[in-house]
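Engineer: Pasting a structure here, questions to come.
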Amino acid sequence: KDIAARILRKLGKESSAHAEPVLSSSNREAHNLYLRGRFHCSQRSEKGLARAVRCFETAIALDALSSSLHSGLADACTLIIDYGFADPLSLRDKALAAARRAVELDSNSAEAHASLAHTLATQEWNCTKAEEGFQRAIALSPGNAVAHHWYATACLAPLDRLDEAVNEMQTARKLDPVSSIIAKDLAQLFFYQRRTDAAIERCEETLEQDPHFYGAHWLLGLIHEQCRDYDTSEACFRKAIELTPGTPRMLSALGRTMALAGKKKQAYQVLAELSAMARALPALMCGRMAPVAM
């Protein structure tokens, strides 16, 4: 059967978060690669995001005038940076260029405006321009869950407009009720509001839906750490690391909670591991992350 159909079934509601890709020609292979790339992006893993970049770059070689493909490439590169999987300097310009190209190719694409706004917010800290972009995306397509999601997390939350952020995230949740990342990020906003019980409840709901989603385990670790339940916090972080080995964000969380618990020796061991990872970053970019390069 058609690859696109199989991926759409696996994605479920996830595919509705983005508009149908706008291809400059009837290129079925590029269409399939777009869907694969979006699916890999939704996993938020190092391997998944690297695969997403490969999918979008391969598709762009087939259809260079597709706004959606450039938007997807921008999102994949930005998420790789956001999750600490690569040196920001190695991908920042690439992400910005792809996002701007997406808008240039289709100025009426909500997907393109959301991608550019997200990149501006996370890579240039330009929340004023980012907010304009998110509002433009939502005006063009009120049903675009990603625009509401990223408006909340990348723009409103950093500006400490948490009530507005929660409203946007709840809208995103209604539009895409099976998205693990949206559910987790709603829990994270509750955590920022010090609504601990609500945050834990949302995390647990997320893990019922997807027990292997490391982000929810990580957030539970942060919540229990804040409550000074360091044993539970450590267990949550270790589970997150088990699901996504070698991720700096997860390792740093584990080291911090060990330090707070008075486990200095173990905390220093984690710090040494993080330092080794930082020193090895150029080699990683030439090896493990090589598919991401232009």
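Engineer: Could we say that residue 233 is more than 22 Å from residue 48 (Cα to Cα), at pLDDT 85 or above and either open to solvent by less than 70 Å² (accessible area, probe 1.4 Å) or of a type outside the set (A, V, I, L, M) (or both) here?
Structural biologist: For residue 233, the condition - more than 22 Å from residue 48 (Cα to Cα), at pLDDT 85 or above and either open to solvent by less than 70 Å² (accessible area, probe 1.4 Å) or of a type outside the set (A, V, I, L, M) (or both) - is met.
Engineer: For the range 195-232, how many residues are under 18 Å from residue 166 (Cβ atoms) and basic (Lys, Arg)?
Structural biologist: 2
Engineer: Would you mind finding the one in 168, 164 that is touching a His at 6+ places or on another chain (Cβ under 7 Å), more than 18 Å from residue 38 (Cβ to Cβ) and either outside any helix (DSSP H, G or I) or open to solvent by 10 Å² or more (accessible area, probe 1.4 Å) (or both)?
Structural biologist: None of the other options fit; the residue is 168.
Engineer: If I ask for residues that are open to solvent by 10 Å² or more (accessible area, probe 1.4 Å) and in a helix (DSSP H, G or I), which ones from the range 256-269 would you list?
Structural biologist: Just the residues of the range 256-269 that are open to solvent by 10 Å² or more (accessible area, probe 1.4 Å), to begin with: 256, 259-269.
The answer is 256, 259, 260, 264, 265, 266, 267, 268, 269.
Engineer: Something else about it: What is the number of the single condition among (1) hydrophobic (A, V, I, L, M, F, W, C); (2) assigned to a helix (DSSP H, G or I); (3) out of contact with any helix residue (DSSP H, G or I) (no Cβ under 7 Å at 6 or more places or on another chain); (4) modelled with pLDDT under 95 that residue 125 does not meet?
Structural biologist: (2)
Engineer: Inside the range 212-230, can you point out the residues that are at pLDDT 95 or above and outside any helix (DSSP H, G or I)?
Structural biologist: Hits for the range 212-230 are 227, 228, 229.
Engineer: Determine which member of the set 250, 277 is surrounded by 15 or more Cβ atoms within 10 Å (Cβ to Cβ), farther than 22 Å from residue 191 by Cα and modelled with pLDDT under 95. Step through it out loud before you land on a result.
Structural biologist: Numbers: 250 fails: farther than 22 Å from residue 191 by Cα.
One residue alone meets the criteria, 277.
Engineer: Which of the residues belonging to the range 114-139 are more than 17 Å from residue 89 (Cα to Cα) and β-branched (Val, Ile, Thr)?
Structural biologist: Within the range 114-139, 128, 138 meet the criteria.
Engineer: Okay, moving on. From the residues in the range 104-121 that are touching a Ser or Thr at 6+ places or on another chain (Cβ under 7 Å) and either free of Cβ contacts under 8 Å to residues at least 24 places away in the same chain or part of a helix (DSSP H, G or I) (or both), which one is nearest to residue 142 (Cα to Cα)? Spell out the reasoning first.
Structural biologist: Pass one, the range 104-121, residues touching a Ser or Thr at 6+ places or on another chain (Cβ under 7 Å): 105-106, 109-112, 115, 118-119.
Those left that are additionally either free of Cβ contacts under 8 Å to residues at least 24 places away in the same chain or part of a helix (DSSP H, G or I) (or both): 105, 110-112, 115, 118-119.
Working: 105: 21, 110: 9, 111: 11, 112: 14, 115: 15, 118: 17, 119: 20 Å.
Ranking the qualifying residues of the range 104-121, first place goes to 110.
Engineer: When residues of the range 1-44 are filtered for being touching a helix residue (DSSP H, G or I) at 6+ places or on another chain (Cβ under 9 Å), within 21 Å of residue 172 (Cβ to Cβ) and modelled with pLDDT under 90, how many remain?
Structural biologist: 15
Engineer: Further question on the same structure: Determine whether the range 61-76 contains at least one residue that is within 22 Å of residue 252 (Cα to Cα) and surrounded by 19 or more Cβ atoms within 10 Å (Cβ to Cβ). I'd like the intermediate steps shown before the answer.
Structural biologist: Of all residues in the range 61-76, those within 22 Å of residue 252 (Cα to Cα) come to none.
No, every residue in the range 61-76 fails to be within 22 Å of residue 252 (Cα to Cα) and surrounded by 19 or more Cβ atoms within 10 Å (Cβ to Cβ).
Engineer: Name the residue that is nearest to residue 122 (Cα to Cα), counting only residues in the range 80-95 that are open to solvent by 10 Å² or more (accessible area, probe 1.4 Å) and in a helix (DSSP H, G or I).
Structural biologist: Top of the filtered list is 82.
The values are calculated or read from the model by the stated rules, or taken from the named source; none is laboratory data. What you see is a predicted model, and the numbers here were worked out from it, not measured in a lab. Using ideal geometry, Cβ is built from the backbone for each residue, glycine included, and neighbour counts are taken over all protein chains shown. Calculation scope for accessible area: heavy atoms of the full protein, side chains included, ligands and nucleic acids excluded. Shrake-Rupley method; radii C 1.70, N 1.55, O 1.52, S 1.80 Å.
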